[in-house]
Amino acid sequence: MDKKWWKEEVVYQIYPRSYKDNDNNGYGDIQGIISKLDYIKSLGANVIWLSPVYKSPDDDNGYDISDYYDINPKLGTLDDMKELFAEAKKRDMRIIMDLVINHTSDEHPWFIEAKNNPDSKYRDYYYFRKGKKNGKKAPNNWSGYFSGPAWEKIEGTDDYYLHLFSKKQPDLNYHNPAVLEEVKNICKFWLDLGCSGFRCDVINIIYKSSLEDGKPRIFLTGKEHYVSQDGCHKILKEIRHEVLDKYDCFTVGESSEATMDMAKDLTNDELHMLFCFEHLNIDIIGAPVFRTKFKPWKLNKCLTKWQLNFPWNTSFFECHDQVRVVSRYGDDKNYHKESAKAIATLQFGLKGTMFIYEGQEIGMTNVKWNSIDEIDDVSTHYVNKLLKSLHLPKKLSWKLLTNFCRDHARTPMQWDDSINAGFNEGNKTWLKVNENYPTINVKNNLEDKDSIWYYYQDLIALRKSKEGLIYGDFKPVKANKNLMVFERIYGEEKYLVCVNLSKKTIRHNLDTKGKILINNYKKENIDEVLLPYESFIIEK
Ligand code: GLC
């Protein structure tokens, strides 16, 4: 296995508006991040992925960019960003940025010009098409990621434009070579300024092969025309060869709906690794709002498939689009600490570059929402409209909505038990603070040697100290359906990783001889019966 620095590192994702609000305007900011670099470093993470900080009207919190070369004034300035790069470098840390190039904001000057002036060169930067039936019907039957049609009509004309996300996020047209040139320049600008790579937003859907009608589906009608198309591979290779390979950087591509074969193509001389979501879709039926009970064996089956068949990928359970993992695959009520640590053991036992999300290191949980007015997430509002139109019982609608709402992961970081969890000095916050902050916060965690935080710190240090935990092969071990057990093998090195993913006590007959490197119950010997959410790594 090829050794690379980015395989060995732990990446810590920051959702900037939720991290630390130093100027007390209600939004986390770049200065806030700078003030927490030592904190992140002390956890053991040396790379930070910043969700978008670019200028944006914030329809989708920065994933709708109106200027790729400037910073959202709510979050700071370009000078703050330069300071962040410099302060990170001083600490031997790196920053990767979010590259959002499937779409721009509808307030980007390109789009404004394109919309107002059909003869402008920018018209062909996007997909403008005449509607069918004299403009009464959209140009095709595609539906968008946030539900509803993927086309928006331009008032007073028969024309529509394509948007696979919100209507304020028009899709760029990569059939036009000028668009790719713009993207290369954006990449170079940030790499030259000091960034070490990109997390590439919904990167495998940027190229639309055709605008024909799609096969009708519950979710994403039309996807066969844009998921991982040949044109996309060509573009990614070009960006890799002409830009990325000239820098010491890496990319991680968010790949939507990618099969194993697609993922293999996307990492063949294109992206360095991917975020694939199959392991976070195991409790979903058909569309993200429909969720069932978590079944550990399903997670095991899915992770095992990817670990065995995909040479190098990411290992992650959280990000700004997912609900909190301790509330989803763990038990945030009865086994908060134990299950958060069990999931951490699983994540760090697996092969791949580690990505953790702000707050995961203290076991931040889902939020109790009282009404739709408390929710900011644009996709939740779209889905709310859809559910309303279906006239489902209110209670059911609310359950569906709050089961998937992305704001669970976006509430302000819980630093301490002071006002607003120490996120700011007590001014309003852009999204409400989770009410459990007096007990779940960084300060409490740092005062308790047995906390989730220290467990993450130990796991990170452990992984860095054992090459086999980074580069070792993955070998599944058959066990009870609620356990995930595997070995990592690297030359003479061998490790046994075992995680009870349930609240049941489980009798096992695993060979547990060896040195216990980590165990979330701090046992000196592994008993024949595993406790709820017990997990360990043993060096054989
Ligand atoms: C990605 C982002 C998500 C955003 C979407 C559109 O999935 O992670 O937050 O809404 O792309 O840019």
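The values are calculated or read from the model by the stated rules, or taken from the named source; none is laboratory data. Everything quoted here is computed from the prediction, not taken from an experiment. Positions of Cβ are generated from backbone atoms using ideal geometry, with glycine treated the same way; all protein chains shown enter the neighbour counts. Remember, those area values only see protein heavy atoms, side chains included, never the ligands or the DNA or RNA. Shrake-Rupley method; radii C 1.70, N 1.55, O 1.52, S 1.80 Å.
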How much length would be gained if the chain were fully extended between Lys481 and Glu435, taking 0.36 nm per residue of separation minus their Cα-Cα distance, in nm to one decimal? 13.1 nm
Stretch Asp458-Glu8 to full length: gain in nm at 0.36 nm per residue minus the Cα-Cα span? 160.5 nm
Solvent-accessible area per residue for segment 1-80 (1.4 angstrom probe, square angstrom): 29
Using a 1.4 angstrom probe with every protein chain in place, what is the largest-first accessible-area order of Met93, Met262? Met262, Met93
Out of the DSSP beta bridges found with both residues in the chain, what percent are antiparallel (nearest 5)? 60
Residue-wise HN-Hα coupling along segment 492-502, computed from phi with Karplus coefficients 6.51, -1.76, 1.60 (Hz; x: Gly, Pro): 7, 7, 8, 10, 10, 10, 9, 9, 8, 9, 9
Can you give the net charge of the other residues whose Cβ lies under 15 Å from the Cβ of Trp398, counting K and R as +1 and D and E as -1? +3
Nothing charged except the Cβ atoms of Lys and Arg (+1) and of Asp and Glu (-1): what's the magnitude of the dipole of the chain about its Cα centre? Round to the nearest 20 debye. 2100
What are the trypsin sites (Lys or Arg not before Pro) within segment 90-182 that DSSP puts in a loop, where the Cβ has at most 11 other Cβ atoms within 10 Å? Lys136
Leaving out ligands and nucleic acids, and using a 1.4 Å probe, what accessible area per residue does segment 393-449 come to in Å²? 48
Label point 7 Å beyond Cα of Glu528 along Cβ direction - residues of segment 471-507 with amide nitrogen under 15 Å: 506-507
Would you calculate the volume per residue, in Å³, of the smallest convex hull containing every Cα atom of segment 110-262? 122
Expressed as a percent, the accessible surface of the chain that is carbon or sulfur, using a 1.4 Å probe and the full set of protein chains, is 49
Rounded to the nearest 10 Å², what accessible area does Met364 show when all protein chains are kept and the probe is 1.4 Å? 0
5 Å is the cut-off here: which amide hydrogens, built 1.01 Å from N in the peptide plane, fall below it relative to Val47, excluding neighbours closer than 5 in sequence? Val10, Tyr12, Arg94
Lys/Arg +1, Asp/Glu -1 at C-beta; the chain dipole; positive extreme among Tyr69, Leu50, Thr314: Thr314
Dividing the convex hull volume of the alpha carbon atoms of the chain by its residue count, what do you get in Å³ per residue? 146
Restricting to segment 93-204, what percent of DSSP beta bridges are antiparallel, rounded to 5? 75
Could you compute the longest span of the chain free of GluC sites (Glu not before Pro) located in DSSP loops and having at most 16 other Cβ atoms within 10 Å, not counting the site residues? 213-424
Using a Förster radius of 35 Å, what is the FRET efficiency between Leu386 and Asp511 based on their Cβ-Cβ separation? Nearest 0.05, please. 0.10
If R0 is 41 Å, what FRET efficiency do you get for Thr157 and Glu238 from their C-beta distance, rounded to 0.05? 0.75
Tell me the per residue accessible area of segment 273-357 using a 1.4 Å probe; a whole number in Å² is fine. 31
Using the Karplus curve 6.51 cos²θ - 1.76 cosθ + 1.60 with θ = phi - 60°, what ³J(HN,Hα) values do you get for each residue of segment 395-405, in whole Hz, with x for Gly and Pro? 4, 5, 3, 5, 5, 4, 5, 7, 5, 10, 3
Could you give the length gained by full extension between Ser465 and Ser209, i.e. 0.36 nm per residue of separation minus their alpha carbon distance, to one decimal place? 87.5 nm
Please express the Cα-Cα pair-distance distribution P(r) of segment 187-286 as a list of whole percents, one per 5 Å bin, running from 0 to the bin with the greatest distance. 2, 12, 21, 22, 17, 12, 7, 4, 1
